[in-house]
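The structure appears right after this line, and notes come after that.
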Amino acid sequence: MHIIETYFECGGFDHRLIQGGTSVYLWNLSKALADQGHRVSIVTPAHGRLDDLRRFHDLETLDYRDEYELPVVLDPQTWGERFPAEVRIPLTTTAHLLRLDGVDLYFLSNQLLDELPDRFYPPYQSKGQDLVFFKPLAYQVDSIRFIRERFADEKAVLHAHEPYYHYLMPAAFRHDPDKLVVGTVQSNMPITKKVYRPKVERLLAFLGAEVELPPEDADRPFTEHEAVMSSYQQLTHLHYEYGPGHVRVYDLMADHADLVDFLSPGHQEFYTDFADTPFEQIFTRLAIHETVRRNAHKSFVGGCAVGDTWTTGEPPSADRAAVLSGLGLDPGLPTFFHNARYAVNHKGQVELFRAVDRVLNEGLAANFVLRCISDAGIDDPYVHEVVERHKGRVHLEWQRVDERRIVEYAASSDFCLFPSKFEMDTFLIAQGEAMAAGAVPIATAQRGMAHFGHVADPLAGPDAEQATGFAVNRSFAEDDPLLADALARRIQEAAALLREQPEEYRRLRANAVANARQFTWKHAAELHVAAFTPLWEGRRPELGVELMLRHGWFDLLPDEAYESHRAAVAEAAARLGDAEAHRRCQQPDPETDRVLFEAAWARADFSRCEQTADSDPALRARLDGRCTVEGDRIVYRLPHAERVELVRLAPGGTGRRQVTVQQLTRDGHEFTGPLPVDGEELHLLLTLTSGRATWDVVRRG
């Protein structure tokens with residue numbers, strides 16, 4: 001096959017040309033695909049670095065010159081009166097070829113693509129202020145025009161990355177029988193992210209790729225509860241609201257691409273139903289939910305990998321005594337390692353430092369090697385206070401360093417800490433690297449990281465035999481005390497395990513190494529080829545019953561599935577506590593209804609509890625009694641709740657709706673708080689002991 005890889009940044013072959021992790025991913029995957037005998041081309045901007053490319057590598061300038069004006073329709077709400085309704089940016093694009101390790105890299109250069117040579121990506125502040133903001137848009141248009149000319153009649157798989165950076169490409173090649181387009185969801189950017197609709201329409205017309213865009217979201221107004229759930233998402237980083245005149249980039253990608261690629265099984269699962277998150281319920285009421293379902297059959301897991309440095313030959317090693325002593329730490333103490341860019345909400349670093357501070361204040365004798373990479377340094381005084389307070393126990397650094405140094409840190413550590421939040425990490429190569437070097441993980445149970453095998457109870461339970469380390473519950477709150485508490489407990493437990501059960505620690509360590517070393521680029525290439533090959537041969541995937549059941553899409557099941565897959569349907573319905581689906585498989589009885597009620601109750605899925613509550617007065621009493629008003633107080637009763645928050649729309653104001661969040665006070669299994677003076681409904685966000693987050697709405701009175 002001819003595979004054309006394309007992304008806004010593809011300089012992973014040279015550390016001097018890297019800004020983000022996708023660049024590294026793309027280069028390693030491209031090499032691995034080429035190693036399997038496929039022809040691989042990469043199309044990417046030069047970012048004003050042609051002189052560097054010529055100095056460092058053998059770069060050839062091609063006989064390609066494309067002069068045109070890029071038409072960009074501007075959203076007046078963003079760009080105001082200082083800019084016209086449409087700008088036409090004159091561009092002259094040239095192309096330059098570098099052949100390296102069996103891969104052809106094509107670098108496109110013009111007046112806009114060569115802007116920002118030091119950072120590549122336009123700063124968010126340029127939106128509405130500087131036309132450099134449209135550099136990624138120019139990349140899409142230039143790549144489409146270049147591929148059309150350079151590979152005009154050649155059959156190829158166009159493998160594009162991150163919907164925001166390629167949303168025009170699937171539509172642009174939709175009617176080209178020689179180009180098969182695979183869109184990759186590279187991160188967990190909000191699935192509802194939108195761009196200005198007239199801008200997209202104008203560009204697709206300019207490219208001769210008119211397609212029917214999805215209709216505007218339904219005009220049905222939100223109910224009060226839907227408005228609360230939707231507005232709350234601005235705190236979760238999972239969804240933002242847009243005004244009229246916009247189109248979702250995910251629709252543009254998924255509706256017109258031939259396949260949709262994900263980095264891990266959990267990443268695919270999460271982006272399909274957002275299960276157990278504060279976004280899950282409102283997601284099912286948005287138009288994007290139907291977009292996901294009608295394209296779900298296209299999804300596959302192409303995978304990601306840990307670098308060859310960590311996975312080939314003997315596991316990485318280091319002189320622990322020299323490394324830790326050189327940092328001013330005691331090599332004889334349990335050592336915990338964190339390695340990530342400095343992104344306090346994404347990486348859970350506020351909670352990480354709170355947990356480290358707490359366990360050291362409690363007297364734990366341990367070392368912490370904490371890398372929070374930031375070219376601008378770390379401006380949070382609390383972080384520096386923790387380091388100062390625990391000299392000789394905490395080493396903090398934020399500088400970029402050679403990979404060999406990271407290997408030494410990881411190989412000298414006993415545990416690695418990765419408390420990522422908001423499900424923003426989709427594979428987390430850094431965790432795999434640390435595990436490959438023998439560091440037992442303590443990490444959040446994010447779906448996108450589940451492949452690394454850390455579990456709630458690594459010493460017992462069904463997953464213990466293959467467990468690699470300790471999981472803590474997912475978090476969707478900023479400065480989350482539940483996460484900080486869980487991290488502190490896990491750090492204490494891990495240190496005790498190393499001290500008191502060294503054989504169990506060695507088992508986890510061996511599991512961690514074996515787990516991480518299976519994620520090779522060769523394997524990722526094989527997964528991609530396995531997905532590309534049927535497409536290349538003209539075979540298209542179909543939506544199967546198994547996929548529908550996995551996500552509880554009982555309404556999509558054909559009638560015959562209730563006969564042909566009776567046991568599987570019943571099992572899925574029982575798992576979710578869905579009595580309506582279960583009753584299509586077998587006759588109801590009091591015991592079955594009770595089991596279904598308990599399954600729904602455990603998930604705090606009270607709409608499904610309603611399906612069976614009337615089968616037993618005790619169940620009805622429990623359901624109706626979960627929330628009562630006693631005088632001017634709310635009393636909420638749910639034994640398996642960890643936190644209950646009252647969420648309200650802030651009164652007045654304009655523009656995006658704001659919310660206020662009030663945590664109810666916990667006393668055993670009861671949560672209490674003052675009754676709001678307004679509103680007909682109480683909107684409650686529940687965090688369960690399992691880590692599931694879900695909503696409850698209760699009418700007052």
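Tell me the label-point distance for the pair GLU212, THR689, using the 7 Å Cα-to-Cβ offset, in nm and rounded to one decimal. Here the answer is 5.2 nm between the modelled labels. Calculated mean residue ellipticity at 222 nm for the chain: -10000 deg cm²/dmol, from DSSP H runs with n ≥ 4 weighted as -39500 (n - 2.57), summed, divided by the residue count and rounded to 500.
Measuring between alpha carbons in the structure, the pairs from LYS31/LYS179; LYS127/LYS298; LYS298/LYS522; LYS155/LYS522; LYS135/LYS522 lying more than 28 angstrom apart are LYS127/LYS298; LYS135/LYS522. In terms of the mean number of neighbouring beta-carbon atoms within 10 Å, the peptides 90-96, 457-463 order highest first as 90-96, 457-463. In straight-distance terms, cross-link reach from LYS391 covers every one of the aspartates and glutamates whose alpha-carbon lies under 13 Å from its own, apart from those fewer than eight places away in the same chain; here that gives ASP330, ASP357. Cα centroid separation, segment 534-604 to segment 105-181: 41 Å. Report note on the peptides 23-29, 237-243: ranked by the mean count of other C-beta atoms within 10 Å, highest first, their order is 23-29, 237-243. Working ranking of peptides 415-421, 659-665 by packing, defined as the average number of other Cβ atoms within 10 Å per residue, highest first, is 415-421, 659-665. Between LYS522 and GLU86, what FRET efficiency comes out of the Förster formula 1/(1 + (r/R0)^6) with R0 = 35 Å and r the beta carbon distance, rounded to 0.05? Result of the calculation: an efficiency of 0.15. Straight-distance candidates among the lysines for linking to LYS347, with alpha-carbon spacing under 16 Å and chain neighbours fewer than 8 residues away dropped: LYS421. On the basis of the beta-carbon distance and an R0 of 35 Å, GLN663 and ARG506 show a calculated FRET efficiency of 0.25. Among the trypsin sites (Lys or Arg not before Pro) found in segment 301-397, those both in a DSSP coil and sparsely packed, with 16 or fewer other Cβ atoms within 10 Å of their Cβ, are LYS391. DSSP bridge analysis restricted to segment 1-150 gives an antiparallel fraction near 65%, rounded to the nearest 5. Once the C-beta distance of SER564 and ASP457 is scaled by a Förster radius of 51 Å, the resulting FRET efficiency is 0.85 to the nearest 0.05. Taking amide hydrogens as placed 1.01 Å from N in the peptide plane, the amide H of LEU62 sits under 5 Å from those of ALA95, HIS96, LEU97, each at least 5 positions away in sequence or on another chain. Using alpha carbons only, the radius of gyration of the chain set against its Kirkwood radius gives Rg/Rh = 0.97.
Taken over segment 557-678, the alpha-carbon convex hull comes to 150 cubic angstrom per residue. Measuring spread by the Cα atoms of segment 149-240 yields a radius of gyration and Dmax of 17.0, 54 Å. Sort out for me the Cα centre separation of segment 319-392 from segment 399-418, rounded to whole Å. About 12 Å separates the Cα centre of segment 319-392 from the one of segment 399-418. Note on segment 1-156: the C-alpha convex hull projects to 9.6 nm² when averaged across all orientations. Extending 7 Å from the Cα toward the beta-carbon at both TRP536 and ALA376 defines two label points whose distance is 4.5 nm. Semi-axis lengths, largest first, of the ellipsoid equivalent to segment 374-517 are 24, 18, 16 Å, with √(5λ) applied to each eigenvalue of the Cα gyration tensor. The HN-Hα couplings worked out from phi for segment 526-543 by the Karplus form 6.51 cos²θ - 1.76 cosθ + 1.60 (θ = phi - 60°) are 4, 5, 5, 4, 5, 7, 6, 4, x, 4, 4, 8, x, 9, 10, x, 10, 6 Hz, whole numbers, x standing for Gly and Pro. Shape analysis of segment 209-273 yields a ratio of the Cα radius of gyration to the Kirkwood radius, Rg/Rh, of 1.01. Derived scalar couplings between HN and Hα for segment 276-291 equal 6, 10, x, 8, 3, 5, 6, 4, 5, 9, 9, 4, 4, 4, 6, 4 Hz in order, rounded to whole Hz, by the Karplus curve 6.51 cos²θ - 1.76 cosθ + 1.60 (θ = phi - 60°), x for Gly and Pro.
Taking label positions 7 Å along the Cα-Cβ direction at both HIS15 and HIS57, the computed distance is 1.7 nm, reported to one decimal.
Each principal axis of the Cα cloud of segment 23-73 was taken in turn, and the coordinate range along them, longest first, works out to 40, 32, 22 Å. Fully extending the segment from ASP114 to ARG148, taken as 0.36 nm per residue of separation minus the present Cα-Cα distance, adds 10.1 nm. Taking each residue as 0.36 nm, the span from GLU465 to TYR121 lengthens on full extension beyond its C-alpha to C-alpha distance by 119.4 nm. Look at where the Cα atoms of segment 15-88 and of segment 198-259 average out, and the two centres are 26 Å apart. The residues of segment 333-451 have, on average, 31 Å² of accessible surface per residue, using a 1.4 Å probe with all protein chains present.
When both bridge partners sit in the chain, DSSP labels roughly 50% of those beta bridges antiparallel. Within segment 386-403, whose backbone N sits under 19 Å from a point 7 Å along Cα→Cβ of ARG499? Hits in segment 386-403 for ARG499 at 19 Å: 390-394.
Surface calculation, 1.4 Å probe, protein heavy atoms: GLU154 sits at approximately 60 Å² accessible. For segment 88-120, the residues whose backbone nitrogen is under 15 Å from a point 7 Å from the Cα of GLU69, taken along Cα to Cβ, are 88-92.
The values are calculated or read from the model by the stated rules, or taken from the named source; none is laboratory data. Just so it is clear, the model here is predicted, and its values are computed rather than measured. Every residue, glycine among them, receives a Cβ derived from its backbone with ideal geometry; neighbour counts consider all protein chains shown. Accessible surface areas use protein heavy atoms only, side chains included; no ligands, DNA or RNA. Shrake-Rupley method; radii C 1.70, N 1.55, O 1.52, S 1.80 Å.
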